[in-house]
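Okay, structure first, notes after.
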Amino acid sequence: MNNMNKLVIGNFTAPLPIVQGGMGIGISLSGLASAVANQGGIGVIGVAGLGLFEPDAYTNFVEANIRALRKEIRKAREKTKGILGVNIMVALSNFEDFVRTAIEEKIDIIFSGAGIPLNLPEFLSGSTHTKLVPIVSSARAVDLIVKNWISKYKYLPDAIVVEGPKAGGHLGYKLDQLDDEKFSLENTLTQVLETVKSHEEKHGRKIPVIAGGGIYTGADIKKIMKMGAAGVQMGTRFVTTVECDASEEFKQMYINASQEDISIIKSPVGMPGRAIKNDFIAQVEAGEKIPFKCPYHCIVTCKHENSPYCIALALKNAQKGNLKNGFAFAGTNAYRADKIISVEELVNQLRAEYNEAQ
Ligand SMILES: Cc1cc2nc3c(=O)[nH]c(=O)nc-3n(C[C@H](O)[C@H](O)[C@H](O)COP(=O)(O)O)c2cc1C
């Protein structure tokens, strides 16, 4: 039995209030996204690095990315009638191309973080199908986005994702904030809910708040929804599923990881990132440089001239199972996985845990 509340975003209603967090460089593609959507959740394609898997990635970067995004959305759509989203990081150099293409392809929802998506509504150009959901790590960012979107576009966010410091991948916090209770998901969520409430009252419309970062069990889902979240965003837990689009070797990194292996790296992109420590990370930390060409500056904030390696290439290598030349991003809970199960089994488990929890 599923007694979780439904998650409503605009005219879309997800019977399962779980957004599968978009995971770039090929970790959440049409396979994982459609499997989650088929279970009643919101499946999300991570668009970062999509073009890297095209044969002309290095000669025709812009076109390769647009083409790959179109293909991936269409592939996912063939496999599900459920709700599908894309995750487009603001920091991507081709952010606008991705947003325009996703809207043209009638994606249901665009999730956008790693920066503040101040101009996102501009690209709707009259389309009413696609919903816009910023990902934030502070109440201040919510305030900024709502005030900007209302004054420039008369548009309210269709929902907000608040991501706490326990998430995987690049994090919207400074290094010293990561273990500071002041910045915990629970504290940030409380502040975001307060800010959102004042905007809801002012504009007479609900803005659902979705919480993510370290949510792992059905009990975690219940706890955070009791605090007022309308749903959760989960990334790490979906990596160790059959349908996750990463290689078997990537998933096994999670299965084999111990808690001590989950560590913070200083990403060339200028944000801290959480990953599973391996020899590649150790080599970089020891000062080794891995030569690379940067034909297209794919992340605006990337200091590629001084970077010891190319993060896009390292993450692509890892996705393909070449972990000698790359590493896996992961949330704080990645070490807890002990086997690979289907998305359906995972959702059933989460429902059972949710129902058992107080
Ligand atoms: C392997 C991996 C890749 C990720 N890539 C992205 C990304 O491209 N864009 C983004 O906004 N978040 C990214 N994230 C964050 C997830 O979407 C998700 O919000 C976050 O991991 C939630 O925390 P959890 O992993 O503890 O569930 C990534 C996370 C992981 C583990």
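Here are a few things to note about the model shown:
- In a DSSP loop and with at most 10 other Cβ atoms within 10 Å, the trypsin sites (Lys or Arg not before Pro) in the stretch 1-81 are LYS81.
- Basic side chains Lys and Arg get +1 at the Cβ, acidic Asp and Glu get -1 at the Cβ, and with that the dipole of the chain about its Cα centre reaches some 700 debye.
- Reference-scaled alpha-carbon Rg (2.2 N^0.38 Å with N residues) for the stretch 198-309: 1.44
- Rounded to whole Å, the principal axis extents of the Cα atoms in the stretch 207-264 read 38, 26, 20, largest first.
- Cα-based shape type of the stretch 139-279, given that a ≥ b ≥ c are square roots of the gyration tensor eigenvalues and the cut on a/c is 1.5: prolate
- Shape call, the stretch 1-119: gyration tensor on alpha carbons, a/c limit 1.5: prolate
- Extension gain for GLU78 to ILE290 (0.36 nm times residue separation, less C-alpha to C-alpha distance): 72.3 nm.
- For the stretch 46-86 versus the stretch 214-276, the gap between their alpha-carbon centres in whole angstrom: 23
- The residue list THR217, ILE276, VAL161 was ranked by how far each Cα lies along the charge dipole of the chain toward its positive end, using unit charges on Cβ atoms, and VAL161 comes out on top.
- Fraction of alpha-carbon pairs over 15 Å apart in the stretch 18-88 - percent: 46
- For the stretch 249-346, fraction of C-alpha pairs farther apart than 20 Å, in %: 39
- Theoretical ellipticity at 222 nm over the chain - DSSP helices of four or more residues, -39500 (n - 2.57) apiece, nearest 500: -10500 deg cm²/dmol
- The stretch 195-238, Cα convex hull volume normalised per residue, Å³: 71
- In the chain, one over the average inverse separation of all distinct C-alpha pairs is 20.2 Å, which is the Kirkwood hydrodynamic radius.
- Extension gain for SER198 to LYS303 (0.36 nm times residue separation, less C-alpha to C-alpha distance): 33.9 nm.
- Using only side-chain charges placed at the Cβ, +1 for Lys and Arg and -1 for Asp and Glu, the dipole size of the stretch 270-358 relative to its Cα centre rounds to 380 debye.
- Between the residues ALA91, GLN39, VAL62, the greatest Cα displacement towards the positive end of the dipole of the stretch 1-131, with unit charges on the Cβ of Lys, Arg, Asp and Glu, is found for GLN39.
- With 20 Å as the limit on Cα-Cα distance, the pairs of LYS166/LYS324; LYS106/LYS131; LYS174/LYS222; LYS277/LYS324; LYS293/LYS316; LYS6/LYS147 that go past it are LYS166/LYS324; LYS174/LYS222; LYS6/LYS147.
No lab work stands behind these numbers, since they all come straight from the coordinates. From a predicted model like this one, the values you see are computed outputs, not experimental measurements. Reconstructed Cβ throughout: ideal geometry from the backbone, glycine too, with neighbour counts over all protein chains shown.
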